[in-house]
Amino acid sequence: MARSQRTSIHGQWGSRWAFILAATGSAVGLGNIWRFPYVVGESGGGAFVVLYLLFVLGVGVPVMMGEILLGRHGRQSPINTLSTLCREYGTQRAWVLLGWLGVLAGFIILSFYSVVAGWSLAYVPMTAGGAFLDAGADRVGELFAGLLDRPLELVLWHSVFMALCFAVVSRGVRSGLEKAVRFLMPALFLLLILLVGYGMGAGAFAEAMRYLFLPDLGELLAGGEAGSLGALMLGAVGQAFFTLSLGMGAIMVYGSYLSSRSSILQNSVIIAGADTAIALIAGLAVFPIVFAVGLEPDSGAGLVFITLSAGFGQMPAGALFGTLFFVLLSFAAWTSAISIMEPATAYLVENRGWSRRRAAAVVALAAWAMGILSALSLGGLLVALYVGWVLPRRVAEAELQLSHPMFSAWLTLIRWLVPLAIVLVFLNALGVF
């Protein structure tokens, strides 16, 4: 058959534009508003942007078309879609791992994504309350570090964000996902335009335009600040994949709810174009503020949470527009997170026969629990417990190649002192001591 006659048990988008909004919302997230500006800053500006645009068109769009194609043909979660297609067309069953890889990768990303989104939620009242007024980058850095040192607050905001995601995904395709993106995407775009307008009036807008859109050819060939052209290209490919939500099952599962009459090519180009435009507009919202107060654009992951916040603190009406920026960042994270949560939810509905509400609750709680490990930095404790008590001793001895006294000392430390120290630090952060 030329096209699949299957229908999804989860329903279908109400219109082609609902799908485009949802898929664009999936693509537009922290990758556009948080990651894109700081990666551009680290990579030398326009030189990176040129390569990024080329890879979105030459790599991102074809892969997106492939994901939508698979999703629409299978009409199931990514795992079940690949399983069905392997069975129908006699391909190797190992390809089902592609579906599992996307769902699991997305789930792991969601658990960390929610923590970072929690930072943006926490920054809304902080900015609105004037916490960053007249504060330099060092002072803002101290405030950010202080937030990270308050684990209960991090868990609170992480929990609020996961609850918001559950509220949308549990309601299904039409009543949840579609209704949410019909509100969130226009609101997100409006906030971006307001912030760009603010940058044009109060910031160094012309300098930001030159930085983003006037690449130095010599710098491009030299690889910009990335050090080599190869490194710059790899960074641009990685950003194209990250920002378009490719390889995580989100676009595939959204494609499974798409009408068979809708053009995959046209939709992919529109989605990639909208996502890229928003990333560039985000750059025009961020860099005018950074340049206006003489800050550096290459400050890495702290560009938004430290450098930009310091910039808003020194600008007229900075508290207002800084608050709008972090509302924008929270909205962008929300539209992406619900798409990442959808593949695992759909799989549980299909394979366990659960209600959507129950499936969404299980996924949200599991991601929430994993996110707590990230928020509280307990990964080191788990490593110590696994290596010290679970992993066979002979494996550690073979890998470490230590003398018997040295190995015994290490084993004692990893089993007893390290866990105790981490627990004490954690309890101190909670205010127990």
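Things to note:
- Cβ-based net charge around Arg174, under 12 Å, with every Lys or Arg adding one and every Asp or Glu removing one: +3
- The chain, helix-only ellipticity at 222 nm - DSSP H runs n ≥ 4, -39,500 (n - 2.57), divided by all residues, nearest 500: -23000 deg cm²/dmol
- For the chain, with +1 on Lys and Arg beta carbons and -1 on Asp and Glu, the positive-most of Ala47, Val418, Gly60 along the dipole: Gly60
- Ordering 333-340, 142-149 by mean Cβ neighbour count within 10 Å, with the highest value first, yields 333-340, 142-149.
- Stretchable slack from Leu214 to Leu69, in nm (0.36 nm times residue separation minus alpha-carbon distance): 48.6 nm
- With all protein chains in place and ligands, DNA and RNA left out, the 1.4 Å accessible area ranks Ser309, Ser175 as Ser175, Ser309, largest first.
The values are calculated or read from the model by the stated rules, or taken from the named source; none is laboratory data. Small disclaimer: the values here were computed from a predicted structure and weren't measured. No Cβ is skipped: glycine too gets one built from the backbone with ideal geometry, and neighbour counts run over all protein chains shown. Side chains included, ligands, DNA and RNA excluded: accessible areas come from the protein's heavy atoms. Shrake-Rupley method; radii C 1.70, N 1.55, O 1.52, S 1.80 Å.
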